[in-house]
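Visitor: Below is a structure I'd like to ask you about.
The values are calculated or read from the model by the stated rules, or taken from the named source; none is laboratory data. Note that the structure is predicted; figures quoted are calculated from it, not measured. Cβ coordinates were reconstructed from backbone atoms using ideal geometry, including for glycine residues, and neighbour counts include every protein chain displayed.
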Amino acid sequence: MVHSTMNARRYLILAVVTLTGSFGDTFLSVGMKHLGPVSLSHLDSLLTALRNPWVLGGIALLIGFFASYLTALSWADLTFVLPATSLGYVVVALLSKFWLHEQISLLRWLGILLITAGVGFVTRGPSFTEHAKADPAPEPVSAGVSRAGQP
Amino acid sequence: MITAEGFGLAGMIASIVFTATAGDVLTASAMRQIGDLDDIRGVKGLFGAIVAVVTNLRFVSGVFCMALSFFSLLFALSHADVSLVAPASASLTFVSNAVAARFFLKENVDRRRWMAAVCVCVGVALLAR
């Protein structure tokens, strides 16, 4: 059970994954809007984007995102990490509203609600599947998962 | 009525989702193979942890698939509307990842995780419109 428990530090890393990912994307978005539209037939103009401080900051944040994402995957399941960090989509939506002043429609608020519900579901469950030989992953009694066919 | 454009669109979205899922599952599998990064960093330092990750074949293949997925997205965006392709592929990837993690990573995808994957899938689709 050594690797199966989440602790405060690991929740902090999940928060870092969520925040660096969403701020990184938003920084890129701000930088690319400064730059104007890029045509697919003139992809070399993307090189000039590398001189924009917002784009550079966004890339630095996304490197931090990938490093913390890989760290999380080293001690938690993919099907735990992906939903648990999907709050990043909500952060992006809130940043677009309050910083970039984009509109959030009723359907988008519904989307935010659903993602939050999904995060709630997954983070209340186990974070890691133990691959012991005969015994499947040990789980807290409160998990409420039926295992048909298991003694 | 299903048109040729419809098939093309579905094919483009399917290839984005397929390569993205392969990338996620391969990197997750690589991290499982390498072990707890916090422990490795404690023993070998940050540089040692970075070397352990980037020299792992599964990790390199995973990143290759992620790059393929990115270029399939770019290709699709030059043929179809962003507001359809981006949310459709991002949200479908949550469900395909749950299926692939169940079969290839042998993760215990219980009812709770299915609910989470479906909620996030629908939520992302609504949010990204």
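Visitor: Condition test on A:Thr26, is it within 19 Å of B:Pro87 (Cβ to Cβ) and surrounded by 12 or more Cβ atoms within 10 Å (Cβ to Cβ)?
Guide: Values: within 19 Å of B:Pro87 (Cβ to Cβ): yes; surrounded by 12 or more Cβ atoms within 10 Å (Cβ to Cβ): yes.
Yes; evaluated as a whole, the condition is true for this residue.
Visitor: Cβ-Cβ under 8 Å, sequence separation 6+ or interchain: first residue in the range A:23-43 and over 10 Å from A:Trp54 (Cα atoms) and away from chain B (no Cβ under 14 Å), partner basic (Lys, Arg) and surrounded by 11 or more Cβ atoms within 10 Å (Cβ to Cβ). Which pairs?
Guide: Partner pairs satisfying both residue conditions: none exist.
Visitor: Quick check, is A:Ser86 within 24 Å of B:Leu77 (Cα to Cα) and either among the small types (Gly, Ala, Ser) or touching a residue at least 12 places away in the same chain (Cβ under 8 Å) (or both)? Even if it seems obvious, please write down each step before you answer.
Guide: On the way: within 24 Å of B:Leu77 (Cα to Cα): yes; either among the small types (Gly, Ala, Ser) or touching a residue at least 12 places away in the same chain (Cβ under 8 Å) (or both): yes.
The answer is yes for A:Ser86.
Visitor: So, restricting to helices (runs of 4 or more DSSP H) that lie completely within the range B:12-126, which ones have at least 3 residues that are touching a residue at least 60 places away in the same chain (Cβ under 8 Å) and either crowded, with 22+ Cβ neighbours inside 10 Å or not acidic (Asp, Glu) (or both)? So that I can check it myself, show each step before the final result.
Guide: Values: elements: B:37-54, B:57-77, B:82-103.
Result: B:57-77, B:82-103.
Visitor: Filter the range A:57-107 for residues that are part of a loop (DSSP other than H, G, I, E, B), over 13 Å from the mean Cα position of the chain (by Cα) and within 20 Å of A:Phe128 (Cβ to Cβ) and give the result.
Guide: Here is the first cut: in the range A:57-107, the residues part of a loop (DSSP other than H, G, I, E, B) are A:76-77, A:85-86, A:99-105.
Then drop every residue that is not over 13 Å from the mean Cα position of the chain (by Cα), which leaves A:76-77, A:99-105.
Hits for the range A:57-107 are A:Ala76, A:Asp77.
Visitor: Run A:Met6 past the list (1) of a type outside the set (Phe, Trp, Tyr); (2) in contact with a Ser or Thr (Cβ under 6 Å, 6 or more places away or on another chain); (3) within 12 Å of chain B (Cβ to nearest Cβ); (4) not in a helix (DSSP H, G or I) and report the number of the one that doesn't hold.
Guide: (3)
Visitor: Continuing with this model, one more query. How many residues, within the range B:72-101, are within 14 Å of the chain's Cα centre (by Cα) and facing another protein chain (nearest Cβ under 8 Å)? Walk me through how you get there before you give the answer.
Guide: First, pick out the residues of the range B:72-101 that are within 14 Å of the chain's Cα centre (by Cα): B:72-73, B:86-101.
So of that shortlist, the ones also facing another protein chain (nearest Cβ under 8 Å) come out as B:94, B:97-98, B:101.
Adding up the residues that qualify gives 4.
Visitor: Quick one: which of A:Tyr11, A:Tyr69 is surrounded by fewer than 17 Cβ atoms within 10 Å (Cβ to Cβ), within 14 Å of chain B (Cβ to nearest Cβ), under 25 Å from B:Asn108 (Cβ atoms) and of a type in the set (Ser, Thr, Tyr)?
Guide: On the way: A:Tyr69 fails: surrounded by fewer than 17 Cβ atoms within 10 Å (Cβ to Cβ).
Of the residues listed, the single one that is surrounded by fewer than 17 Cβ atoms within 10 Å (Cβ to Cβ), within 14 Å of chain B (Cβ to nearest Cβ), under 25 Å from B:Asn108 (Cβ atoms) and of a type in the set (Ser, Thr, Tyr) is A:Tyr11.
Visitor: State whether one or more residues within the range A:110-129 are β-branched (Val, Ile, Thr) and more than 9 Å from chain B (Cβ to nearest Cβ). Explain how you work it out, then say what you get.
Guide: Within the range A:110-129, the subset β-branched (Val, Ile, Thr) is A:112, A:115-116, A:119, A:122-123, A:129.
Within this subset, residues satisfying the condition of being more than 9 Å from chain B (Cβ to nearest Cβ) are none.
No, the range A:110-129 contains no residue that is β-branched (Val, Ile, Thr) and more than 9 Å from chain B (Cβ to nearest Cβ).
Visitor: Given the structure, is B:Ile2 hydrophobic (A, V, I, L, M, F, W, C) and either at pLDDT 90 or above or assigned to a helix (DSSP H, G or I) (or both)?
Guide: Details: hydrophobic (A, V, I, L, M, F, W, C): yes; either at pLDDT 90 or above or assigned to a helix (DSSP H, G or I) (or both): no.
Spelling it out, it is not the case that B:Ile2 is hydrophobic (A, V, I, L, M, F, W, C) and either at pLDDT 90 or above or assigned to a helix (DSSP H, G or I) (or both).
Visitor: Can you tell which of A:Leu100, A:Leu56, A:Leu61, A:Leu95 is at pLDDT 95 or above and more than 10 Å from chain B (Cβ to nearest Cβ)? Explain how you work it out, then say what you get.
Guide: Working: A:Leu100 fails: at pLDDT 95 or above; A:Leu56 fails: at pLDDT 95 or above; A:Leu95 fails: at pLDDT 95 or above.
Result: A:Leu61 is the single residue among A:Leu100, A:Leu56, A:Leu61, A:Leu95 that is at pLDDT 95 or above and more than 10 Å from chain B (Cβ to nearest Cβ).
Visitor: Also, I was wondering about something else. Among (1) within 8 Å of chain A (Cβ to nearest Cβ); (2) farther than 27 Å from A:Ala93 by Cβ; (3) modelled with pLDDT of 90 or more, which single condition is B:Val63 missing?
Guide: (1)
Visitor: Scan (1) at pLDDT 80 or above; (2) more than 7 Å from chain B (Cβ to nearest Cβ); (3) not in a loop (DSSP other than H, G, I, E, B) for the single condition A:Ser142 breaks and write down its number.
Guide: Every listed condition holds for A:Ser142 apart from (1).
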